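This report refers to the structure that appears directly beneath it.
Computed from the coordinates by the stated procedures, all read-outs in this text should not be read as laboratory data. None of these values were measured; they are calculated from a predicted model. Cβ: placed from backbone, ideal geometry, glycine included. Neighbour counts: every protein chain shown.
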Amino acid sequence: MYFHAGQDFVLNTRDVIGVFDLDTAGASRRTEEYFRHVESEGAVVDLCAPGTLPKSFLVTDFPDETIYISQLSPAALKKSGEAGILKYYARRPGMPGPQHKKVPPDKGQ
């Protein structure tokens with residue numbers, strides 16, 4: 001399933017390892033060291049609109065290990081991922097999406 005991660009960016013839920021709150025996890029020394037390490041490898045993508053503050057970060061394994069910084073709260077990201085709000089995005093041209101098959105009606109009914 002796909003969900004909105006910020007701006008016009010959509011992630012597949014299979015690729016997400018974790019969603020973290022920047023207010024709590026960002027205060028950790030280890031998180032800071034991890035960010036510096038991943039940033040030095042060029043694997044940090046900022047999805048925040050200009051002038052907005054980031055609220056969360058997503059650790060993914062797509063492509064490889066990448067961190068996406070989002071202006072959306074972890075609760076909003078969780079809600080959109082669970083509800084499948086963005087099934088629309090999965091059907092946009094150029095976006096991989098679910099393959100739908102026509103199922104013949106049950107003849108026993």
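Here are the numbers for this structure:
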{"item": "For region 2-90: Kirkwood Rh in Å [reciprocal of mean 1/r, alpha carbons]", "result": "13.2"}
{"item": "Where a label projected 7 Å from the Cα of D61 along Cα→Cβ would reach, residues of region 1-37 with amide N under 19 Å", "result": "1-3, 11-20"}
